[in-house]
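What follows is a set of notes on a single structure, which appears directly below.
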Amino acid sequence: MRLTSMLSIIAASVLLVACSKPEPEPAAPASDAEATQQVAATPAVPTYSAETFFNTETIFGSSINHDGTAVLVTSDKSGIFNVYSYPLDGSEPTQLTNSTTDAMMGVSWFPQDGRMLYTADQGGNELNHVYVRLEDGSTQDLTPGENLKAMFGGWHEDDMHFYVMTNERDNRYFDVYQYSAEDYSREMVFENNTGFNVDAISPNGRYLALSRTNSNADSDLFLVDLEAENVEPKLITPTDGNIQHNAYTFTHDSNLLIYGTDGHGEFYQAWAYDIASEEHSEHFAADWDVSFLYFSDSGKYQVVGVNADARTELSIIDTTTGQEVMLPEHPPGDLRGVNFSDDEQTLVFYVNSDVSPSNLMFWQVGSENVVQLTNTLAEGMQPEHLVQSTVERFESFDELTVPGLLYKPHQASAENRVPAVIFIHGGPGGQTRQGYSAMVQHLVNHGYAMFGVNNRGSSGYGKTFFHLDDQRHGEDDLQDIVYAKKYLQTLDWVDPQRIAVMGGSYGGYLTMAALAFTNEFDAGINIFGVTNWVRTLESIPPWWESFRQSLYDELGDPATDGERLRRISPLFHADNIKVPVLVVQGANDPRVLQVESDEMVAAIRANKVPVEYVLFDDEGHGFSVKANRIEAQEAYLNFLNTYLVE
Ligand SMILES: CSCC[C@H](NC=O)C(=O)N[C@@H](Cc1ccccc1)C(=O)O
């Protein structure tokens, strides 16, 4: 896979399907012996422990090696993310990295041999380096140094060079280096002095597509011709008003830049910029956001992902016929990480759904079967014991319709009303999407209704909806959470008196805001949530410089909006908090600093309100060590059982 495709995939964070049916899982025990207490009096399904849920393997990554025999996969089966080679003949995978501390993520095979690139940070500090692993198993840091962050930018079509972006020269901005695949010598090809984001590099290495964030509603695209005398970035989207632009990819011949823009309606569409004629034309549009678009190496196949009401609708188009490629029957779910072998005869992908973690599949183009290479659900678990979400919509305080994903436990009924938890995503502009979540399924399995609310400000529902929370954070979006609770109280299978709220990061912020600014909830779980916006916005990581202004436009500038930011920061209103709280934090989090949680916990404690605090020394903004994820999950369940059930 060439570099533009790779960048698109990384940007979309999308992994990727049909199959000869997997062997049926062994029958589940009547009840998982170690399962903690259950909410419902009459369980309809066996309950599984947090450990069982997290013994489900999380896998992603789909680079196919030079001879089309193996896929580079990142898996947490060793207890931490490590890189594996999964043979396409179905034989046992080989572990390529052996970390027991830091998560290691596979990036790409080398195009001509068995070397591979991977990336890792240190304990979740997000200071990733790029490493090469040679065929003999030895490794080398290609981006040595302190306090730098680096990322892979893709392969040149000559297969002899690849690109890396690093902020080693100026920790605010990422320069682009071209590396030799032979001896790893490198040269800087673009010095970034004004905060461009490097979106894509053309397969022939001649063009860079850069974006510049002007505000949280407006961004422009620039093109750099590295062969021109003047390598100054040229603005190619000189539009008036607030319009977002970001590059998806170049075409295989490097003649067109395909980019996303919300300038033609509510949703992102894919447009093409012809570099020679400088003309723009519509390339692909849908009723929802086009989330990602990329091509196979020769351009024969185009892969497009559309974010249709919180799930990914993926299509593979044969560009020579314009027809959609129809895959043979495969397990139900969303496709992720579609990738092709060099000869484009083999297709690999993942299938993921609410009731099934991602499984790796491959298809020989034209053959009748999709082959399933993995079986990632933990041994003993049955998919039918898990729960498929439904998309629900409710009216908020101002009659705005707000969507969310609702998980109804099997044991819930009008005769057996269950407690409920509203969970809130990060961002603020993120989105709760369909797909397997051990965190959600474990709590649902133990009898909690889970409602993932996509409050105003979430992405995926058009630009108007996205901007409805601007500078209204902790106010209008918080009211959506309150109205989500009122909606839950209309359901005859939910106990209206036992509703908690939880969330991570921005969702952790709204959780604490719900407890500090309303009396609606019976308990809250704050997972590395922002509690003091003035401090958080003053201490953002240096490498966020290119969108600092956008962040300040959206949330407020700590230098000038201090009063409002203090008004909406739960830390300064902790005396209003009257219900139990669980706080979970990683000590190395560079976005929401540990002090945010330390001070929140101390303030709640001073209120004489029950507060529990779980702090992980070896984690950042998200938990990657399996033992920590299990510990956090057990803490969520024990806390909810203690304060919502007992
Ligand atoms: C307005 S985007 C903030 C950056 C980023 N967004 C993507 O999720 C992010 O990390 N957000 C945090 C919350 C946060 C916001 C602003 C400053 C620090 C942290 C999150 O994961 O929710």
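Once the mean 1/r over all distinct Cα pairs of segment 351-417 is inverted, what Kirkwood radius in angstroms do you read off?
15.5 Å
With θ set to phi - 60°, apply the Karplus curve 6.51 cos²θ - 1.76 cosθ + 1.60 along segment 259-266 and write out the HN-Hα couplings as whole Hz, x wherever there is a Gly or Pro.
The phi angles translate into 9, x, 8, 9, x, 10, x, 6 Hz.
Between residue 139 and residue 576, with labels modelled 7 Å along Cα→Cβ, what's the label distance in nm to one decimal, could you check?
Using points 7 Å along Cα→Cβ, the separation is 4.7 nm.
Rounded to the nearest percent, how much of the accessible area of the chain (1.4 Å probe, protein heavy atoms only) is carbon and sulfur? Intermediate values should be presented prior to the final figure.
On the way: 11250 of 24130 Å².
On the chain, the fraction of accessible area on carbon and sulfur atoms equals 47 percent.
Straight-line reach only, C-alpha to C-alpha below 12 angstrom: list the aspartates and glutamates that residue 234 could link to, leaving out same-chain residues fewer than 8 apart.
Once the sequence-local aspartates and glutamates are set aside, what remains near residue 234 is 220, 225, 278.
Which loop-located GluC sites (Glu not before Pro) does segment 373-459 contain, where loop means any DSSP state but H, G, I, E or B and the Cβ has at most 10 other Cβ atoms within 10 Å?
Values: sites: 379, 384, 392, 395, 399, 415; in loops: 379, 399, 415.
Here the sparse-neighbourhood loop sites are 399, 415.
In the neighborhood of residue 173, defined by Cβ-to-Cβ distances under 9 Å, what is the net charge if each Lys or Arg adds +1 and each Asp or Glu adds -1?
Values: positive: 169, 172; negative: 170, 175, 191, 545.
Around residue 173, the surrounding residues sum to -2.
I'd like the Karplus ³J(HN,Hα) series for segment 209-222: coefficients 6.51, -1.76, 1.60, θ = phi - 60°, whole numbers in Hz, and an x wherever there's a Gly or Pro.
Per-residue couplings from phi come out as 9, 10, 10, 10, 8, 8, 7, 7, 10, 9, 8, 10, 10, 10 Hz.
Would you work out the relative contact order for segment 379-470, in percent, from Cα pairs under 8 angstrom that are 6 or more residues apart? Provide the component values of the computation, followed by the final result.
Values: 148 pairs, mean separation 27.5, N = 92.
Once normalised by length, the contact order is 30 percent.
Using the charge dipole of the chain (Lys, Arg: +1 at Cβ; Asp, Glu: -1 at Cβ; taken about the Cα centre), state which of 103, 511, 61 has its Cα farthest towards the positive end.
Sorting the options by dipole projection puts first 511.
With all protein chains present and a 1.4 Å probe, how do 155, 288 order by accessible area, largest first? Before the final figure, lay out each step's value.
Numbers: 155 5, 288 65 Å².
Heavy-atom accessible area, descending, gives 288, 155.
Report the accessible area of residue 619, computed with a 1.4 Å probe over the heavy atoms of all protein chains in place, in Å² rounded to the nearest 10.
0 Å²
State the volume of the convex hull built on the alpha-carbon positions of segment 398-489, expressed per residue in Å³ and rounded to an integer. The partial results should precede the final answer.
Numbers: hull volume 8.8 nm³, N = 92.
Convex hull of Cα atoms, per residue: 96 Å³.
Over all alpha-carbon pairs of segment 317-436, lay out the pair-distance distribution in 10 Å bins, whole %, shortest bin first.
So the P(r) values, bin by bin, are 10, 30, 28, 21, 10, 2.
List the lysines whose Cα sits under 23 Å from the Cα of residue 485, skipping any in the same chain fewer than 8 residues away.
Those lysines meeting the cut-off are 408, 578.
Specify whether the C-alpha gyration tensor of segment 79-181 places it in the rounded, prolate or oblate class, a ≥ b ≥ c being the square roots of the eigenvalues: rounded for a/c under 1.5, otherwise prolate if a/b is larger than b/c and oblate if not. Don't jump to the answer; show the numbers that get you there.
Values: a/c = 2.42, a/b = 1.29, b/c = 1.89.
Oblate, since a/c reaches 1.5 and b/c is not below a/b.
Counting only C-alpha contacts under 8 Å and six or more residues apart, can you give the relative contact order of segment 490-579 as a whole percent? Don't skip to the answer; put the middle values down first.
Details: 118 pairs, mean separation 27.9, N = 90.
Contact order relative to length: 31 percent.
Over segment 547-616, what number does the Rg to Rh ratio reach, with both radii from the alpha-carbon atoms and Rh per Kirkwood? Mind showing how you got there, number by number?
Numbers: Rg = 14.0 Å, Rh = 13.6 Å.
Taking Rh as the inverse mean 1/r over Cα pairs, Rg/Rh reads 1.03.
Rolling a 1.4 angstrom probe over the protein chains, ignoring ligands and nucleic acids, what is the accessible area of residue 69 in square angstrom, nearest 10?
My reading of the accessible area for residue 69 is about 70 Å².
List the extent of the Cα atoms of segment 208-285 along each of their three principal axes, largest first, rounded to whole Å.
37, 25, 17
Using a 1.4 angstrom probe with every protein chain in place, what is the largest-first accessible-area order of 314, 615, 72? Write out the running numbers ahead of the final one.
Numbers: 314 30, 615 65, 72 5 Å².
Order by accessible area, largest first: 615, 314, 72.
In nm², what is the average projected area of the convex hull enclosing the Cα atoms of segment 170-328?
Working: hull surface 48.3 nm².
With the hull built on Cα positions only, its mean projection is 12.1 nm².
Taking Rh as the Kirkwood radius computed over C-alpha pairs, what is the Stokes-Einstein D of the chain at 37 °C in a medium of viscosity 0.692 mPa s, expressed in µm² per second? Kindly include the intermediate steps, with their values, before the conclusion.
On the way: Rh = 25.5 Å.
So the translational diffusion coefficient is about 129 µm²/s.
Using alpha-carbon positions, what is the distance between the centroids of segment 212-278 and segment 495-558, in Å?
32 Å
Of all beta bridges DSSP finds with both residues in the chain, what is the antiparallel percent, to the nearest 5? Intermediate values should be presented prior to the final figure.
Working: 111 of 136 bridges.
Counting DSSP beta bridges with both partners in the chain, the antiparallel share is about 80 percent.
Would you calculate a helix-derived [θ] at 222 nm for the chain, using -39,500 (n - 2.57) for each DSSP H run of n ≥ 4 and dividing by the full residue count, to the nearest 500? Please report the intermediate quantities before stating the final value.
Working: 11 runs with 101 residues, N = 646.
Per the formula, -4500 deg cm²/dmol.
Please calculate the 1.4 Å probe accessible area of residue 113, with all protein chains present, and give it to the nearest 10 Å².
Only protein atoms counted, so the area is about 40 Å².
Rounded to the nearest whole Å², what accessible area per residue is found for the chain with the 1.4 Å probe? Present the calculation step by step, with values, prior to reporting the outcome.
On the way: 24130 Å² over 646 residues.
Value for the chain: 37 Å² per residue.
Separation of segment 379-411 and segment 439-461 by C-alpha centroid, Å?
So the separation of the two Cα centres works out to 7 Å.
Given the convex hull over the Cα atoms of segment 236-331, what projected area results after averaging over all orientations, in nm²? Show your work: numbers first, answer last.
Values: hull surface 29.3 nm².
Averaged projected hull area, Cα only: 7.3 nm².
Run the reach check for residue 626 against lysines, Cα to Cα strictly under 21 Å, same-chain hits fewer than 8 apart removed. What comes back?
Counting by Cα, and skipping residues close in sequence, residue 626 has these lysines nearby: 77.
If you bin every alpha carbon distance in segment 452-504 into 10 Å steps from zero, what whole percent lands in each bin?
Over segment 452-504, the share of Cα pairs per 10 Å bin runs 23, 47, 25, 5 percent.
Percent of alpha carbon pairs in segment 458-563 separated by more than 19 Å? Kindly include the intermediate steps, with their values, before the conclusion.
Values: 2886 of 5565 pairs.
The answer is 52 percent, as a whole percent.
For residue 518, which sequence-distant residues (separation of 5 or more, or a different chain) have an amide H within less than 5 Å of its own amide H, given hydrogens modelled in the peptide plane?
The list, which skips near neighbours in sequence, is empty: none.
Apply the a/c threshold of 1.5 to the C-alpha gyration tensor of segment 582-646 and tell me whether it is rounded, prolate or oblate. Working shown, then result.
Values: a/c = 3.18, a/b = 1.18, b/c = 2.71.
Note, shape of segment 582-646 comes out oblate.
Contour minus end-to-end for residue 318 and residue 239, with contour as 0.36 nm per residue of separation and end-to-end as the Cα-Cα distance? Each step should come with its number before you reach the end.
Working: separation 79, 0.36 × 79 = 28.44 nm, distance 3.25 nm.
Once the chain is fully extended between residue 318 and residue 239, it gains 25.2 nm.
Could you give the nm distance between label points at residue 599 and residue 280, where each point is 7 Å from its Cα heading toward the beta carbon?
A separation of 4.3 nm, rounded to one decimal place.
The values are calculated or read from the model by the stated rules, or taken from the named source; none is laboratory data. Everything numeric in this text was worked out from a predicted model, so none of it was measured. Cβ sites come from the backbone with ideal geometry, for glycine too, and all protein chains shown count toward neighbours. Ligands, DNA and RNA are stripped out before the accessible areas are found, and what is left, the full protein with its side chains, is counted by its heavy atoms. Shrake-Rupley method; radii C 1.70, N 1.55, O 1.52, S 1.80 Å.
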